[in-house]
Amino acid sequence: MRILAIAGATAAGLLVGMAVASSVPTDIKAPTASPTSEPSDDASVAEFIRSHTIERAPASAPDRFAWLLGDVVGTVILPEDEKIPVATLSNIGRPEVSPAARHLSYWTNEARAMRQLHIFDTITFSAPRVVLETDVFTKLPLLWSTDEQFVAFPLPDRPSTTRIVDLTSGTSVEGSSSAIGALPLWSRPAITPPSDPGTSMPRVISKFARPDGSATTYLDFDSSAGGRWFGERVEAATGVRTPVEWSFGGNPNAVIRIGPPTKEAFHFDQAPPRDADGKMGADRALWSFRQNTGSPARREAVRAMPYSEYSKSSGSDMPIVPLDLVVYVVVIEVEEPAYFARGDVSCRELFAVIRSDGRGEGSGGGCMGNSWPTSLLPPAFASPDPRDWTSPKGPPTPGPSSTPSFRR
């Protein structure tokens with residue numbers, strides 16, 4: 001395991017992680033469809049909230065807490081003091097934690113520049129729910145009710161209108177953003193510093209407080225032997241210290257709440273399914289790379305070819321990769337240039353090479369114009385392919401031309 005760079009990670013590193021993630025078997029479960037909104041006026045909004053509010057009984061068991069980890073396999077939820085994850089979400093964007101730390105929200109980049117906003121309940125571990133689909137690339141502020149039964153957000157194409165979603169039933173209603181924002185049901189937690197009971201560790205590179213402030217974990221990282229996180233969790237009230245350590249699952253992002261123990265771990269994979277032989281197809285390769293882009297896609301292309309053809313065109317040969325193994329060359333042109341600290345370059349044309357078996361050896365990527373000139377594009381790009389250079393926000397690009405057009 002390695003510590004992920006905070007900024008400026010190389011595309012090769014991202015692609016290796018992504019390819020390994022694609023090799024992990026998962027139970028593919030489709031996310032719940034986006035809700036259809038009910039009529040929108042102030043009266044219907046009030047009635048919607050009244051009729052959907054659920055009186056919840058006090059919790060019969062104390063809260064359980066877990067680490068939210070980011071790794072090559074995706075987003076991993078690992079309970080405190082346990083060794084086996086309870087959930088893994090693969091091929092998703094970076095999740096954000098709700099105020100009460102019982103939901104995750106994340107975006108996925110769909111085909112033709114569409115994006116979907118998903119909500120995942122870490123208490124019930126039910127399938128992620130799609131609450132919005134849009135082609136507007138924006139960061140939405142989310143309003144959460146105190147019990148997190150409801151979430152609300154302004155519609156990207158109509159900011160004066162806000163949608164409220166009941167996360168229990170999946171139904172929704174829309175109304176005036178100003179009126180909905182003024183409702184008293186929304187959680188508005190005060191910004192307070194996390195508890196800091198102190199630690200005896202000689203070095204601390206990260207610390208994370210539980211959502212209820214009952215304890216804080218202080219962490220250090222050991223890069224030897226594959227890497228491990230270690231430290232201690234200190235109870236705020238008593239000062240009791242509990243050793244903490246893990247060497248798998250990834251790097252810590254937060255401490256969240258989770259539900260009661262389950263018999264089996266939950267696996268969610270947003271990517272298109274594999275073929276009958278367990279290999280990824282072109283659509284899955286394209287999907288996986290698309291999730292790593294931080295800007296809307298203008299055009300995209302994907303081609304399959306033997307590794308021998310790729311290595312001949314790129315001038316790169318790795319003996320550990322079988323020459324007859326199918327690899328996918330994926331190219332995405334994005335609206336905003338992506339910056340790579342290694343090499344100090346920015347570009348809009350991003351490419352990746354992804355193995356069909358999902359392994360990381362021989363995978364890589366980066367700036368197309370800087371590292372792979374147009375004259376060296378593999379011959380496979382010379383023949384038409386219906387997936388090549390589709391225009392996400394308009395008619396298809398005229399063509400096909402013998403090779404895609406790249407400009408530095």
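Enumerate by residue number the trypsin sites (Lys or Arg not before Pro) in the range 172-270 meeting two conditions: DSSP loop (anything except H, G, I, E, B), and at most 11 other Cβ atoms within 10 Å of the site's Cβ.
Numbers: sites: 203, 207, 228, 233, 241, 257, 263; in loops: 203, 263.
Loop-located and lightly packed - 203, 263.
Specify which residue in the list 286, 225, 215 is farthest towards the positive end of the charge dipole of the range 215-292, using unit charges on the beta carbon of Lys, Arg (+1) and Asp, Glu (-1), about the Cα centre.
Working it through, the farthest residue towards the positive pole turns out to be 286.
Which value, in debye to the nearest 20, gives the size of the charge dipole of the range 193-300 about its Cα centre, when Lys and Arg are +1 and Asp and Glu are -1 at the Cβ? Each step should come with its number before you reach the end.
Details: 14 positive and 13 negative charges, 51 e Å.
Dipole magnitude for the range 193-300 comes out near 240 debye.
So, counting K/R as plus one and D/E as minus one, what does the shell of residues with Cβ under 10 Å around residue 230 add up to? Please list the in-between numbers first.
Numbers: positive: 228; negative: 220, 222, 232, 245.
Here the count lands on -3.
Take the solvent-accessible surface of the protein heavy atoms, probe 1.4 Å, and return the percent of it on the range 83-239 that carbon and sulfur atoms account for.
Working: 3770 of 6820 Å².
Using a 1.4 Å probe with all protein chains present, the range 83-239 comes out at 55 percent carbon and sulfur.
What list of ³J(HN,Hα) couplings, whole Hz, do you get for the range 216-223 from phi and the Karplus terms 6.51, -1.76, 1.60, once you set θ to phi - 60° and write x for glycine and proline?
10, 9, 10, 10, 10, 10, 10, 7
Return, ordered by residue number, the residues of the range 249-270 whose backbone nitrogen is under 20 Å from a label point located 7 Å along Cα→Cβ of residue 214.
Only 254-262 pass the distance filter.
Report the gain in length on full extension from residue 312 to residue 110: 0.36 nm times residue separation, minus Cα-Cα distance, nm rounded to one decimal.
On the way: separation 202, 0.36 × 202 = 72.72 nm, distance 3.19 nm.
Taking residue 312 through residue 110 to full extension adds about 69.5 nm, to one decimal.
Residues of the range 285-308 with the amide nitrogen closer than 14 Å to a label point 7 Å from the Cα of residue 335, along Cα-to-Cβ, please.
294-299
Convert each backbone phi in the range 257-272 into a coupling constant with the Karplus relation 6.51 cos²θ - 1.76 cosθ + 1.60 (shift: θ = phi - 60°), then list the ³J(HN,Hα) values in order as whole Hz, x for Gly and Pro.
8, 9, x, x, x, 10, 6, 10, 6, 9, 10, 10, 10, 7, 6, x
With label points built 7 Å along Cα→Cβ from the Cα atoms of residue 230 and residue 178, find their separation and express it in nm.
Spacing of the two 7 Å Cα→Cβ label points: 5.9 nm.
The values are calculated or read from the model by the stated rules, or taken from the named source; none is laboratory data. Predicted model only: the values in this text are computed from it and were never measured. Virtual Cβ from ideal backbone geometry, glycine too; neighbours counted across all protein chains shown. Calculation scope for accessible area: heavy atoms of the full protein, side chains included, ligands and nucleic acids excluded. Shrake-Rupley method; radii C 1.70, N 1.55, O 1.52, S 1.80 Å.
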